[in-house]
Amino acid sequence: MRSTAPAVPTPLPAIEVAPTPRRGLPAVVIVADGPAYGPGRDRLDDAALTGFEPTGKTGEVRRIGRDWIAGVGAGTVKDWRSAGAALVRAADEHEVGKYQVLLPEDVTAEQAAAFALGLALGGYKFKVTGDTPAARTKSVLLVTSAQVVVDEVADAVAESVTLAAATALTRDLANTPSNVKDPAWLAGTAARLAAGVTGLTAEVRDEAWLAEQGFGGVLAVGGGSSRPPRFLELTWRPRGSSKAPHIVFVGKGITFDTGGISVKPADGMHLMRTDMAGGAAVIAALLAVAALKLPLRVTGLVPCAENHVSGSAYRPGDVVRHYGGKTTEVANTDAEGRMVLADAMTWAVRKHSPDVLVDVATLTGAMKISLGLRTGGLFATTDELAAQLITAGEQVGEAHWRMPLLADHADSVRSEIADVKQAPGGPGAIAAALFLREFSGNLPWAHLDIAGPARSEATYDEVVPGASGFAARTLVRFAQNSAFAARSARGEVAI
């Protein structure tokens, strides 16, 4: 039977860097606040400019005859990213498949990279349709000036395109409808994408293996579905990395969430196809880490399950034994994400003994209320780890806000009938984080609750409606920064 979803991954525009313009291609002239024109003002059709004077504000895009103008405002990195996204959306609307952008003489590599990220992601679309897809941007040439080091810009743009691909893949996986995306599909798609990538391996474990190992949380959550759970393990081990730091990322892979017996309201339930956005971010991050050939060890763990309602579904009041033996009293079957993460985190601690453990999940509605829809919540056991993740997010255009692991609520996760209680009440996102901390093995650990920014109903910056791909870039940049810090500590690079 033909799949009812587009192929994964979605193709992105090819973005190149060159020192000279290419004849025959429409040109985009950059305009900053003022307006202040970059190279190419003389190319613009004066007659077409009659009655319209550009302001240069961020995201201002206008077709001027055959060519275009694009506003970058004050020229911050965010301005450039937003401008790239606005440009590609406008070009797609006019079905202009190929064009070149004449960058200002003083453009920085960081600005060019941000612009490329916007170009790559701003026109993203995921639609299941029988119609012929609308024409989209196929390629963009970024033209630097003689005063810019071309190689430096090209390297920054290439890295940015890799980060954009990670974001787009995260969107693809999260947007795929759940009649296609069951646990086997999610884990199998990740394994397919990893196949043939030197240094990257994938293992997919089935329900028999999960039962043999005692992954009680994953089995309980997946027990109500006719589509059994899976456990995905992605491993990046480049040559010569045996003594390098080891990071483990764990991502929630709930391929659809009805809430189980504690069933969700019908309104909004259709969005639960994106409830595995954390797992998708981990999958995409591992592929990007491999593409960048980072000199450190990274493992990605994604427990995949569908939380459904049936006679075999787990119940409020059940006691579940996790991998490793710790027991959990179930209070609410809709708090399923923490159940599967508990198994995977314990597996990470016992089997991998990493230097750092980071989990990512669309975990709590409470976090959406606390921080809104554009900022992720961050919990961490050390100030250093929290700062590193926040910095990584800032560097790639993703906002995280540190939340407290309140000591006054730590005892709330204790259970009278089991070791811990899954949903003890109180401040929901904090209680969930405190529960997960019980399975972190006293390692440096961080929890990213991305329930708010993982989905969007609006277009802004490089984000479009649907799954946003949030957190994938943060994970990759965190790994990049960790690799750089480790090499600096060994004296392999100049600080």
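Just a few scattered comments:
- The requirement of being farther than 19 Å from ARG477 by Cα, free of Cβ contacts under 8 Å to residues at least 12 places away in the same chain and not β-branched (Val, Ile, Thr) is not satisfied by ASP383.
- Scanning segment 309-334 for residues that are buried (at least 24 other Cβ atoms within 10 Å of the Cβ) and either among the aliphatic types (A, V, I, L, M) or in contact with a Leu (Cβ under 6 Å, 6 or more places away or on another chain) (or both) yields one hit, VAL330.
- Among the residues of segment 108-141, those identified as at pLDDT 95 or above, of a type in the set (A, V, I, L, M) and under 23 Å from TYR460 (Cβ atoms) are ALA112, ALA113, ALA114, ALA116, LEU117, LEU119, ALA120, LEU121, VAL140.
- Restricting segment 344-368 to residues that are touching a Leu at 6+ places or on another chain (Cβ under 8 Å) and assigned to a helix (DSSP H, G or I), the residue that is farthest from PRO265 (Cα to Cα) is VAL349.
- The condition of being in the same structural domain as ALA479 (by TED's automatic domain parsing) and either touching a Lys or Arg at 6+ places or on another chain (Cβ under 8 Å) or within 18 Å of ALA166 (Cα to Cα) (or both) holds for only one of VAL309, VAL320, VAL263, VAL282, that being VAL282.
Okay, residues lined up against (1) touching a helix residue (DSSP H, G or I) at 6+ places or on another chain (Cβ under 7 Å); (2) assigned by TED's automatic domain parsing to the domain that holds THR176; (3) farther than 20 Å from GLU159 by Cα; (4) among the hydrophobic types (A, V, I, L, M, F, W, C):
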position	(1), (2), (3), (4)
GLY40	no, no, yes, no
ALA48	no, no, yes, yes
LYS78	no, no, no, no
PRO133	no, no, yes, no
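- Taken over segment 468-495, the criterion of being farther than 15 Å from LEU385 by Cα, buried (at least 24 other Cβ atoms within 10 Å of the Cβ) and either touching a Leu at 6+ places or on another chain (Cβ under 8 Å) or among the basic types (Lys, Arg) (or both) is satisfied by GLY469, ALA471, ALA472, ARG473.
- When GLY217, GLY240, GLY223 are checked against the criterion of being closer than 26 Å to ALA348 by Cβ, of a type outside the set (Lys, Arg), in contact (Cβ under 8 Å) with a residue 40 or more places away in the chain and surrounded by fewer than 18 Cβ atoms within 10 Å (Cβ to Cβ), a single residue qualifies: GLY240.
- Exactly one residue out of GLU159, GLU105 is at pLDDT 95 or above and either part of a helix (DSSP H, G or I) or surrounded by fewer than 21 Cβ atoms within 10 Å (Cβ to Cβ) (or both), and it is GLU159.
- Which listed residue, of TYR99, TYR124, is of a type in the set (Ser, Thr, Tyr), buried (at least 17 other Cβ atoms within 10 Å of the Cβ), assigned to a loop (DSSP other than H, G, I, E, B) and touching a residue at least 40 places away in the same chain (Cβ under 8 Å): TYR124
- For GLU152, the test of being part of a loop (DSSP other than H, G, I, E, B) and farther than 21 Å from GLY469 by Cα is failed.
- Hits in segment 34-59 (condition: part of a loop (DSSP other than H, G, I, E, B) and surrounded by 16 or more Cβ atoms within 10 Å (Cβ to Cβ)): GLY38, PRO39, GLY40, LEU44, PRO54, GLY56, LYS57, THR58, GLY59
- One residue from SER488, SER482 being modelled with pLDDT of 95 or more and of a type in the set (Gly, Ala, Ser): SER482
- Qualifying residues in segment 1-28 (those that are touching a helix residue (DSSP H, G or I) at 6+ places or on another chain (Cβ under 6 Å) and assigned to a strand (DSSP E or B)) - the one nearest to ALA165 (Cα to Cα): ILE15
- Being closer than 19 Å to GLY397 by Cβ and β-branched (Val, Ile, Thr) is a property that holds for THR58.
- Residue that is nearest to GLY317 (Cα to Cα), among those in segment 181-224 that are part of a loop (DSSP other than H, G, I, E, B) and within 24 Å of the chain's Cα centre (by Cα): ASP182
The values are calculated or read from the model by the stated rules, or taken from the named source; none is laboratory data. Just so we're clear, the structure is a prediction, and the values are computed from it rather than from any experiment. Please note: Cβ atoms are built from the backbone with ideal geometry, for glycine as well, and neighbour counts cover all protein chains shown.
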